[in-house]
1. Can you give me the solvent accessible area of TRP57 with a 1.4 Å probe, rounded to the nearest 10 Å²?
2. Run lengths n ≥ 4 of DSSP H only: what is the helix-derived mean residue ellipticity at 222 nm for the chain, with -39500 (n - 2.57) per run over all residues, to the nearest 500?
3. If the chain between LYS245 and ASN2 were fully stretched, how many nm would it gain, using 0.36 nm times the residue separation less the Cα-Cα distance?
4. Could you put ASP31, ASP220, ASP53 in order of accessible surface area, largest first, with the 1.4 Å probe and the full protein assembly present?
5. If the cut-off is a Cα-Cα distance under 21 Å, which lysines reach LYS176, setting aside same-chain residues fewer than 8 apart in sequence?
6. Which residue fluctuates the most in the chain, going by a Gaussian network model with Cα springs under 10 Å, if the choices are SER185, SER194, SER143?
7. Give me the Kirkwood hydrodynamic radius of region 76-229 in Å, from all C-alpha pairs, to one decimal place?
8. Could you rank SER89, SER32 by how accessible they are, 1.4 Å probe, largest area first?
Amino acid sequence: MNILISGYYGSKNGGDEAMLAAMLEVLREMDSEISATVISLNPEYTKKRHKVDAVKWLDIFSIIKKILAADLLISGGGSLLQNVTSRRSLYYYLGIIFLAKFFGRKVMLYAQGIGPIRGAFAQKLMNWIINRVDLITVRDHGSLEELKNLKINRPPIFCTADPVLAIKPVPLTFGKKILQRLKISSNKKIIGVSVRRWINWQNCQAALATALDKLVTEIDAEIIFIPMQFPADIDAAKSIAELMKNPAVVLEEEFTTGEILSLVGCTNVLISIRLHALIFAGVMGVPMLGISYDPKIERFLDSIGEKPLGNLDSVTAEKIFTETIKKLDAKNFHDESLLKNLREAALKNARLAIELLKS
């Protein structure tokens, strides 16, 4: 059975690459005969990292050939169908879905985060195209509401969870080797930080720098910035480290999904603006604190009974510091039963995809 996967892959974004790795891992476990091809910004990178066939995202003729050879187009995961971060990307991903339906192929939206979608034309186009797909799974209840508001109700729709929540925890071996190489003491509290640049995030930069300095001064913590997107997140991390009075470690390498998971697992608390860094913390059983720049952060934190520290404009250094101390002192830092339920929901994405393939 041949599947074609459309998403924001090959961009060296750790979260997106983790979604693809998780999807492939679970699908292959459930059916070893599945053959996957990925539409990628960098096909050679995707082939090497994920051991799959790949085709360039703007090579429309090759994409059409792969659609004709496929039994199913999977669109996802991630926040592909929104026009806040990019207006053009929404039309691109809708275009791929349209081509697959035009050529009579089955289409599944796989654990997508839907919206926000702004503008009457974009909303009407979403309604017209997405009501013609064969199956939809979304990763949160906020996305269900977006579909409802867009009057998308014809395909079967399921609320599941982000694909990365189905990935297995990894050993801490790699993370510990990195910490040893950097001469970071295992006797100290290690605070992991994952950040990204965003519009008007200067308040967040300053608040993080002040709070992290206070953690170093008052509890002798070690601060480690873990990049999720290479190399963009390194520059974002350095901009905060430069504001700090105390030293912090900015990791400047590109890591695999397993390596990032291992590093996150070695921290005592993870503070993050990045959604998938928070999800990695959940997978590895690490206390997490999120700062919101997008509704998807609130949606995920709400699904595990947590709230964000604030958004980029409102978060304060005092809030970051006090909540980090609380997490370090807490015995039960988040609801394990909720995370277990989310893992089962994430596995459901793959089960539904295989059922659709075989139907």
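1. Number for this one is 80 Å².
2. Here the helix-only value at 222 nm equals -15000 deg cm²/dmol.
3. 82.1 nm
4. Largest accessible area first, the list is ASP220, ASP53, ASP31.
5. Filter leaves LYS168, LYS188, LYS189.
6. The residue with the greatest mean-square fluctuation here is SER185.
7. Hydrodynamic radius (Kirkwood, Cα only) of region 76-229 equals 18.9 Å.
8. Descending order: SER32, SER89.
The values are calculated or read from the model by the stated rules, or taken from the named source; none is laboratory data. All of these numbers come straight from a predicted model, not from anything done at the bench. Ideal geometry is used to build each Cβ from the backbone, glycine not excepted, and the neighbour counts take in all protein chains shown. Accessible surface is based on the protein model in full, side chains and every heavy atom, while ligands, DNA and RNA are left aside. Shrake-Rupley method; radii C 1.70, N 1.55, O 1.52, S 1.80 Å.
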